[in-house]
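Working notes for the structure below.
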Amino acid sequence: MAVERKKTKSADTPHGTIVVTGTSGFKGSRIIKALEADPRYSSIVAIDARKPPPDTKKTKFYKLDLIETLADSKLAEILKSERCDTLVHCAFPITPPKNPSVAHELISIGTLYVMTACAEARVRKVILASTTDVYGAFPTNPNFLQENVHPPRGDRQSQFLADKIDAEKQGLKFAAKYPDRVVTILRSCTILGPTIQSYKTNYLRRPFVTTMMGFDPLVQFVHEDDLIRSFMLAIEKDAPGIFNIVGDGVLPLSRVIKICGKMNLRLPQMGFKTMVQLLWLADISPAPASHVDFLRYLCVADGAKAKKGLGFVPRFSTKEALLSFVGAERLREVRLIEA
Amino acid sequence: MPEDLNKKETPNLHVLPLKSKKDDQDDFSRLAARLEKKIGRIETELRDSISHLNKDIRDLLHTKNIAFDEKNIQTDLNALYQQLEGRMQKTLDELSRREAHQRKEKDAVKVIKDKTSQLIKLLSLDFYKTVLGRLGSAEYEEEVDPFGMDRRLVEKIKPLFDFLYHKYWRISVTGINNIPDEGKALIVANHSGTVPYDGAMIKTSILNEHPRRKDARFLVEDFVYHMPILGTFMYRIGGVRACPENAELLLNAGHLVIVFPEGVKGIGKLYRERYKLQRFGRGGFIKLCMKTNAPLIPVGVVGAEEIHPIMMKSNILAKTIGVPYIPITPTFPLLGLLGCIPLPSKWSIHFGEPIRFDSYGPKAMDDELLIHKLSEKVRMNIQEIIFDLLRKRRSVWVG
């Protein structure tokens, strides 16, 4: 009977196989979960270098490391044999890795491999996960960065962001070369929520949050559920182009720290970068010194295009996303949620 | 005499105040009630003893048949009564003294309690957190609008701007009715004064003089946002970085936007070049008006040139710090921080008649020659307003 129902569902909807890469990461695992829960998607493939996603019924798992040699032809074979229709690429490290060359291999070259494999296997739609950090934090940024107007400038600040921009460029190149295929790039701002763990949540988890004296940039957050919803929307609809996935409203960083109930440690600008770099090398700082500018200057993106083109309306505002994170954090402190 | 005493009513002792509150008033009433109770007791004692005495005397007179010497008895009784009265007075005094002493003790306990609670407050971490927060920039921590303006901070510093506006520069405003009652408009003004007070003052003048408009925002030069404290402060009081995207968003939201097309060239010009308008950027503000269909209101500000007269500029030093110029005025850097106080010149602001660009088609935006011509026209318009205001001015300081 189960088989029958599956058949009728798949007959109803034209969705082909959906391949998700990086399924042991936060985005990948949550997308697999959402796809599993949705009866419209019958055939799902997970690709990861480490372990298969837990508790799956209709997901096939392939173990593949995107760094290894000939990963592109191996991936192409998988995509061909599975008749892949849509590929969601989120095999990116969520935190800047200590070893920059590994990061470069995975982010930049990994995406190159994925794109070559997609070209070879005639994948109809590719969805890339990216971040609004690629715009970079500059004093010359307008208050709301737009996808088509403002080019990403983050490569001037950090190698990690430069790799991410390079990954985006691979996607855009693919879109230009094959105009009949759909490439959607989702740039999400800082993700917060009850379960996400990244270098930014680590930053807000400390009892003393270091900021720069005299600077108080505006920040914006998107709730993790909203982010996954945006991916599902991108899988559902064919919306080529880049979209900023952001929550409504902005908050000053100092206010964020106050809402978190942490101490705001304002340190002078002089020597701040050196200190952060030393702490980064000593494994204390959550991010390298190249990310310091995000504590200093504005990097806020405009979500209007995603509302219009993707139909994505965030359910959580910036403040609600933050409160959801803070609430879960407090429950975690009293061990009501497992870490 | 005993009849007299009998006539006195015993005080009502049942209405004692409850012990619930520790107010001063309650303490007093309780004290009074207690005293009254005691006085009542003494009175009854006195009455009893006098009646006893009376009875004893009558009995004595009856039984022994002693001659009735009324006068003697009267004096004796009087003496006894006075003695008793004296004793009563003494007890009362003693009582009230004791009560006062108790009150004093109570006050002392209260003071000690207050001091200890203060001490506990001083020892707690929360207290230092709030103090540190206040010393830092607690004002910036409230919720802000999408462009980073903090309404509470704006209200907090409004008295300062009002002081500068009414008392210090005694700004006189004309033509305020040229600002439309609602809808967007771009306010274009001349820029002067070394430190950009003029933006804040135009904003304050609209706030104070116009009956309807409360939503003017001003665009601020880029370099401010490179700097600590000042950049954040500008955002929180309603300044927005000057770029076409921000201005367009603000205008489309129906705001008044104040813009200074001269930019740094205008604000940092030498004193001998005062009231000579510099080049008006690249005409971005004209394109903005065409794109958003907003009317343009030319504004002339007179008086701001004299607040910090720049004698010389040091550009080499400025470059190393990262500011566009370091001014040398008669007071700065000679007087140090005192030199940062602007001079109290008399200002006047005139809002000119709105200029509309609706008649130009959508293609006009690409016509650079036309844009430049229109920009020059607006510049001449503002220059004319300034000449008018200068013609009317008799003195820099009195106006």
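Figures for the structure shown
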{"item": "Cα-based equivalent ellipsoid, the range B:192-321: semi-axes from gyration tensor eigenvalues, Å", "result": "25, 17, 16"}
{"item": "DSSP-defined antiparallel bridges as percent of all bridges, the protein assembly as shown, nearest 5", "result": "15"}
{"item": "Amide proton proximity set for A:THR184, modelled H, under 5 Å, gap of 5+", "result": "A:VAL126, A:ILE127, A:LEU128, A:GLY241"}
{"item": "Three semi-axes of the equivalent ellipsoid, the range A:186-339, Cα gyration tensor, whole Å, largest first", "result": "28, 19, 14"}
{"item": "Cβ neighbours within 10 Å from other chains - mean over B:224-231", "result": "5"}
{"item": "Cβ charges +1 (Lys, Arg) and -1 (Asp, Glu), total dipole of the protein assembly as shown, debye", "result": "960"}
{"item": "For the range B:123-392: relative contact order, % (alpha-carbon pairs under 8 angstrom, 6 or more apart)", "result": "24"}
{"item": "Other protein chain Cβ atoms within 10 Å, averaged over every residue that makes up A:118-126", "result": "0"}
{"item": "Exercise: per-residue mean of other protein chain Cβ atoms within 10 Å, A:210-218", "result": "5"}
{"item": "For the range B:123-392, with +1 on Lys and Arg beta carbons and -1 on Asp and Glu, the positive-most of B:HIS166, B:GLY303, B:ILE349 along the dipole", "result": "B:GLY303"}
{"item": "With Cα atoms, 0 to 90° folded angle of helix B:197-209 axis to chain B main axis", "result": "60"}
{"item": "Sum of -39500 (n - 2.57) over DSSP H runs of 4+, divided by residues of the protein assembly as shown (222 nm, nearest 500)", "result": "-14000 deg cm²/dmol"}
{"item": "Protein accessible area in chain B, 1.4 Å probe - carbon and sulfur %", "result": "58"}
{"item": "Along chain B, longest interval not containing exposed chymotrypsin sites (Phe, Trp or Tyr not before Pro), exposed being DSSP loop plus at most 13 other Cβ atoms within 10 Å", "result": "B:69-396"}
{"item": "Chain A - charge dipole about Cα centre, Lys and Arg +1 at Cβ, Asp and Glu -1, debye rounded to 20", "result": "460"}
{"item": "Of every Cα-Cα pair in the protein assembly as shown, the percent that sits beyond 33 Å", "result": "65"}
{"item": "Rg followed by Dmax, in Å, when the range A:188-259 is reduced to its Cα trace", "result": "14.6, 45"}
{"item": "Unit charges at the beta carbon, dipole of the range A:296-339: most positive-side option, A:GLY303, A:PRO314, A:LEU331", "result": "A:GLY303"}
{"item": "For the range A:100-108, Karplus couplings with θ = phi - 60° (6.51, -1.76, 1.60), whole Hz, Gly/Pro x", "result": "x, 6, 5, 4, 4, 4, 6, 6, 7"}
{"item": "10 Å binning of all Cα-Cα separations within the range B:123-392, expressed as whole percents from 0 upward", "result": "6, 28, 36, 22, 7, 2, 0, 0"}
{"item": "Karplus-derived 3J(HN,Hα), 6.51/-1.76/1.60, for each residue of the range B:165-172, Hz, glycine and proline x", "result": "6, 8, 9, 7, 9, 6, 6, 9"}
{"item": "Peptides B:171-179, A:55-63 ordered by average Cβ neighbours within 10 Å, highest first", "result": "B:171-179, A:55-63"}
{"item": "Compactness relative to 2.2 N^0.38 Å, alpha carbon Rg of chain A", "result": "1.00"}
{"item": "Subset of A:LYS63/A:LYS308; A:LYS27/A:LYS169; A:LYS57/A:LYS173; B:LYS38/B:LYS115 violating a 32 Å alpha-carbon distance limit", "result": "A:LYS63/A:LYS308; A:LYS57/A:LYS173; B:LYS38/B:LYS115"}
{"item": "Nonlocal amide H pairs with A:ARG266, under 5 Å, H built at 1.01 Å", "result": "A:THR211"}
{"item": "Distance histogram in 5 Å bins (all Cα pairs of the range B:24-108, percent per bin)", "result": "3, 12, 16, 17, 12, 10, 9, 7, 6, 4, 3, 2, 0"}
{"item": "Average projected area [Cα convex hull, the range A:138-177], square nanometres", "result": "3.2"}
{"item": "Antiparallel DSSP beta bridges within the range B:123-392, percent to nearest 5", "result": "30"}
{"item": "In Å, descending, principal axis extents of the Cα set of the range B:195-255", "result": "36, 25, 15"}
{"item": "HN-Hα J in Hz across the range B:332-344 - Karplus 6.51, -1.76, 1.60, θ = phi - 60°, x for Gly and Pro", "result": "10, x, 4, 9, x, 5, 4, x, 7, 6, x, 7, x"}
{"item": "Residues of the range B:24-108: accessible area per residue with a 1.4 Å probe, Å²", "result": "80"}
{"item": "Sum of side-chain charges, A:LEU192 neighbourhood, beta-carbon under 12 Å (Lys, Arg +1; Asp, Glu -1)", "result": "-2"}
{"item": "Those lysines that a straight Cα-Cα span of less than 22 Å connects to B:LYS203, excepting residues fewer than 8 apart in one chain", "result": "B:LYS156, B:LYS158, B:LYS167, B:LYS184, B:LYS214, B:LYS265, B:LYS346"}
{"item": "Proximal charge balance of A:ILE67 [Cβ under 15 Å; K/R count +1, D/E count -1]", "result": "-3"}
{"item": "The range A:115-253 pair-distance distribution - Cα-Cα, 10 Å bins, rounded %", "result": "10, 36, 36, 13, 4, 0"}
{"item": "Residue among B:ASN315, B:ALA294, B:LEU334 farthest towards the positive dipole end of the range B:294-399, charges placed on Cβ", "result": "B:LEU334"}
{"item": "Helix A:110-120 axis, angle to chain A major axis (alpha carbon atoms, nearest 10°)", "result": "20"}
{"item": "Amide H contacts under 5 Å for B:ILE187, placed H, 5+ residues apart", "result": "B:VAL257, B:ILE258, B:VAL259, B:ILE297"}
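The values are calculated or read from the model by the stated rules, or taken from the named source; none is laboratory data. In this text the structure is predicted, and so the values were computed from the model without any measurement. Counting neighbours? That spans all protein chains shown, and the Cβs are built from the backbone with ideal geometry, glycine included. Surface areas here come from the heavy atoms of the whole protein model, side chains and all, with no ligands, DNA or RNA. Shrake-Rupley method; radii C 1.70, N 1.55, O 1.52, S 1.80 Å.
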